[in-house]
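Step one of this worksheet: look at the structure below.
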Amino acid sequence: MSESTIVKLPDQSTARIPKMNYLSKENGILSWLLTGDHKRIAILYLISLSFFFFIGGALAGLIRLELLTPQADLMATDTYNKVFTMHGVIMIFFFLVPSVPATLGNFLIPMMIGAKDLALPKINLLSWYLYMAGGLLALYTMATGGVDTGWTFTTPLSTHYVNTNVLTTGLAAFIAGFSSIFTGLNFIVTIHKMRAPGMTWFKLPLFVWAHYAASVLMVLATPVVAIAIVLVALERTIGIGVFDPTKGGDPILFQHLFWFYSHPAVYIMILPGMGVISEVISTFSRKRVFGYTAVAFSSVAIAIFGFFVWAHHMFIMGISNYAVLVFSLLTMLVAVPSAIKIFNWTFTLYKGSITFETPMIYAFGFMGLFTIGGLTGVFLGVSGTDIHLTETYFIVAHFHFVMVGGMLMAFLSGIHFWWPKMTGRMYPEKISQLAAVVTFIGFNFTFFPQFILGTLGMPRRYASYPPEFQILNVFSTAGATILGVGYLLPVLYLVWSLRYGKIAGNNPWQATGLEWQTQSPPLTENFVKMPIMDHDVYDYEWLEAQQEKEKEVASA
Amino acid sequence: MSEQNAHAQHAEGKHAHHIVSPKTYALILLALLVGTATTVWASYVDLGIWNPVIALAIACTKATLVVLFFMHVKYSSKLTMLTVLAGIFMFLTLIGMTLADYISRAWGQW
Ligand code: HEM
Ligand SMILES: [Cu+2]
């Protein structure tokens with residue numbers, strides 16, 4: 001094994017996947033569909049999420065193809081509206097919001113805190129069923145004509161003007177919302193009640209802190225969007241008038257309600273990803289995360305401040321000038337805790353012994369791209385520049401930098417990092433490093449030109465554009481094809497590795513979390529006996545001492 | 001198991017499930033019904049701007065009673081109360097900051 005890696009695999013000629021594990025415990029489709037095991041539910045989520053991701057991705061491909069030329073020539077303009085709406089709805093509600101929490105969070109939170117399962121296993125399964133019900137309903141609406149309001153369901157467009165499937169799509173988002181509320185509730189209860197002896201709050205891995213903060217957002221913010229959707233439905237069907245000025249209502253009220261959820265929702269999307277990055281950076285630089293407490297509390301701060309900035313999505317929508325002033329100021333503040341995290345990760349790297357396994361490459365991608373995404377968010381939070389930049393491709397670039405460059409990179413980082421734990425086998429390292437680099441390059445080609453397009457004034461959500469914007473759009477479309485390759489590769493080699501990957505052993509990365517101190521794939525009960533947290537979190541010296549001890553025992 | 005023993009166990013479990021007497025439930029139900037009746041009655045009296053104020057005040061009081069007694073929050077742990085308060089705080093933020101927009105729209109430019 002070369003010097004540049006920390007992987008310590010067992011001798012492959014004798015290594016075996018443990019006979020008893022959560023995958024082999026029971027067989028048959030029903031044992032999956034009726035399971036209460038958080039690990040199996042996580043796998044169910046992983047499969048279904050990936051399915052929705054590739055549908056959303058195909059829609060993105062159509063958007064980019066249409067924008068290859070200035071004319072609207074591939075599809076009719078109203079079809080284009082439906083395509084970008086469904087792309088947004090599927091990617092946000094059915095991929096990004098549940099992505100890391102429902103897969104990695106579900107799988108790992110009980111293991112990280114030394115518990116057997118989540119506190120409410122049946123609710124956990126129910127939330128997967130709700131997710132599937134919502135997702136299939138969304139696909140059904142797409143098949144029967146789609147919807148064209150944009151993922152934001154903005155009134156009065158959604159209530160008075162369009163006659164596409166607003167109601168069913170809204171219902172799909174509503175159902176998915178409850179799935180997310182249940183997941184959040186489950187995590188909160190589990191983290192409060194199920195920690196192993198010795199696992200105090202300040203020994204929790206930062207992954208758990210990040211999920212705790214995200215769960216609070218899920219539970220407190222999601223009901224508001226559910227209510228907003230119900231009001232849209234009532235306005236459309238029986239005209240109750242809350243959003244209709246002729247009856248004393250106000251269409252902007254909808255945006256207040258919607259963004260009261262949807263701004264916190266962007267943190268629901270990014271916080272779990274930040275949790276992944278903390279674990280990965282620490283493991284591959286062999287150091288405790290610098291400023292552990294600051295990183296933990298910055299998650300909480302993001303969750304709290306995240307509730308006070310929503311109107312920055314409405315600066316030009318006709319809200320009061322004074323509200324603009326206040327929300328602009330608060331928006332500046334919310335960037336601070338994110339910056340704290342970036343700085344602390346950077347300091348963690350300082351003088352660490354860094355290695356470049358795939359999860360780490362994705363994590364580096366995250367740090368760079370999220371920083372650009374976050375900083376351009378501040379441009380948009382300044383009310384003056386926002387007037388120029390809002391509703392242009394600059395916004396599209398901003399949120400793709402944070403959501404795709406940030407969250408998706410973190411998701412892939414985490415999937416690779418915990419793949420050996422979930423499946424018992426390693427993914428092939430070289431090709432996955434290549435995939436990570438391809439993703440990074442493809443990403444920048446796709447989305448960087450959009451910042452320039454936005455500043456030049458190209459509006460979002462149109463199928464055609466002035467010919468002088470074509471070159472940058474061609475760049476963007478070309479980049480999207482590279483990005484597509486970057487996302488297809490992992491699917492291929494991860495599936496390949498299920499059968500042919502090297503046997504991973506308990507702890508291939510030499511990581512310190514409790515989840516690594518048990519077999520891979522784990523037992524249904526996670527641990528043979530209740531673990532006791534007798535050392536500090538991210539304590540690499542403890543790990544070494546522990547392994548020395550085991551060696552002595554084995555040789556004696 | 002002796003009577004005494006059972007009693008001791010009951011005292012220990014007191015925090016987890018406090019037993020609310022049927023009488024309390026009946027009283028709360030009565031209060032809720034009176035509240036409903038008052039709301040209906042008040043809606044027929046023209047009080048100008050005070051109509052919605054009164055309706056909302058009654059509704060809030062009723063909700064508080066339900067949360068405290070029917071949902072047992074009055075007898076629950078501090079953590080549960082904090083959870084409820086977090087919800088109320090978020091709700092007030094939503095209403096407060098949204099209203100701040102509506103009120104200050106009339107102030108024009110600055
Ligand atoms: C770090 C600090 C951040 C700041 C200061 C910030 C600021 C902003 C602002 C001011 C806008 C509104 C622009 C406009 O409508 O004119 C915006 C839009 C958006 N942001 Fe961010 N943002 C930040 C982070 C994030 C993160 C982490 C995500 C998601 C993971 C995100 C996702 C979005 C989305 C989806 C939109 C566009 C919504 C739409 O109109 O469709 N932002 N951001
Ligand atoms: Cu926002």
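The values are calculated or read from the model by the stated rules, or taken from the named source; none is laboratory data. Note that the structure is a prediction, hence the values are computed from the model and not measured. We place every Cβ from the backbone using ideal geometry, glycine too, and count neighbours over all the protein chains shown. When the accessible area is computed, the model is the full protein with side chains, heavy atoms only, and any ligands, DNA or RNA have been set aside. Shrake-Rupley method; radii C 1.70, N 1.55, O 1.52, S 1.80 Å.
Go through segment A:199-225 and give me each residue that's of a type in the set (Phe, Trp, Tyr) and either over 24 Å from B:PHE89 (Cβ atoms) or more than 14 Å from chain B (Cβ to nearest Cβ) (or both). Spell out the reasoning first.
In the first step, residues of segment A:199-225 are kept if they are of a type in the set (Phe, Trp, Tyr); the result is A:201-202, A:207, A:209, A:212.
Residues satisfying the conditions are A:PHE202, A:PHE207, A:TRP209.
Checked against (1) farther than 11 Å from A:THR183 by Cα; (2) of a type in the set (A, V, I, L, M); (3) open to solvent by 10 Å² or more (accessible area, probe 1.4 Å), A:LEU120 passes all but a single condition, namely (1). Filtered by the rule that a residue be under 17 Å from A:ILE342 (Cβ atoms), within 16 Å of ligand 2 (Cβ to nearest atom) and buried (at least 22 other Cβ atoms within 10 Å of the Cβ), segment A:279-305 gives a lone residue, A:ILE302. Answer with yes or no whether A:THR85 is surrounded by fewer than 20 Cβ atoms within 10 Å (Cβ to Cβ) and more than 15 Å from the chain's Cα centre (by Cα). For A:THR85, the condition - surrounded by fewer than 20 Cβ atoms within 10 Å (Cβ to Cβ) and more than 15 Å from the chain's Cα centre (by Cα) - is not met. Checked against (1) in contact (Cβ under 8 Å) with a residue 60 or more places away in the chain; (2) within 29 Å of B:LEU92 (Cβ to Cβ); (3) not in a helix (DSSP H, G or I), A:ILE240 passes all but a single condition, namely (1). Within segment A:345-398, how many residues are within 16 Å of ligand 1 (Cβ to nearest atom) and among the acidic types (Asp, Glu)? Number satisfying all stated conditions: 2. Checking the stated criteria, A:ILE191 turns out not to satisfy the condition of being within 14 Å of chain B (Cβ to nearest Cβ) and under 19 Å from the mean Cα position of the chain (by Cα). Taken as a whole, the structure leaves A:PRO264 outside the set of residues that are surrounded by fewer than 23 Cβ atoms within 10 Å (Cβ to Cβ) and either within 12 Å of another protein chain (Cβ to nearest Cβ) or in contact with a helix residue (DSSP H, G or I) (Cβ under 9 Å, 6 or more places away or on another chain) (or both). Note on segment A:306-332: residues that are open to solvent by 30 Å² or more (accessible area, probe 1.4 Å), out of contact with any Asp or Glu (no Cβ under 9 Å at 6 or more places or on another chain), more than 9 Å from every other protein chain (Cβ to nearest Cβ) and under 22 Å from A:ASP250 (Cα atoms) amount to 2. Each residue in segment A:340-380 was checked for being farther than 20 Å from A:PRO459 by Cβ, within 16 Å of ligand 2 (Cβ to nearest atom) and open to solvent by less than 60 Å² (accessible area, probe 1.4 Å), and 4 of them qualify.
Against the condition touching a residue at least 60 places away in the same chain (Cβ under 8 Å) and touching a strand residue (DSSP E or B) at 6+ places or on another chain (Cβ under 6 Å), how does A:THR392 come out, does it pass? Break it down stepwise before answering.
On the way: touching a residue at least 60 places away in the same chain (Cβ under 8 Å): yes; touching a strand residue (DSSP E or B) at 6+ places or on another chain (Cβ under 6 Å): yes.
Considered against the rule, which asks whether it is touching a residue at least 60 places away in the same chain (Cβ under 8 Å) and touching a strand residue (DSSP E or B) at 6+ places or on another chain (Cβ under 6 Å), A:THR392 comes out as yes.
In the set (1) in a helix (DSSP H, G or I); (2) more than 14 Å from every other protein chain (Cβ to nearest Cβ); (3) open to solvent by 10 Å² or more (accessible area, probe 1.4 Å), the condition left unmet by A:VAL276 is number (3).
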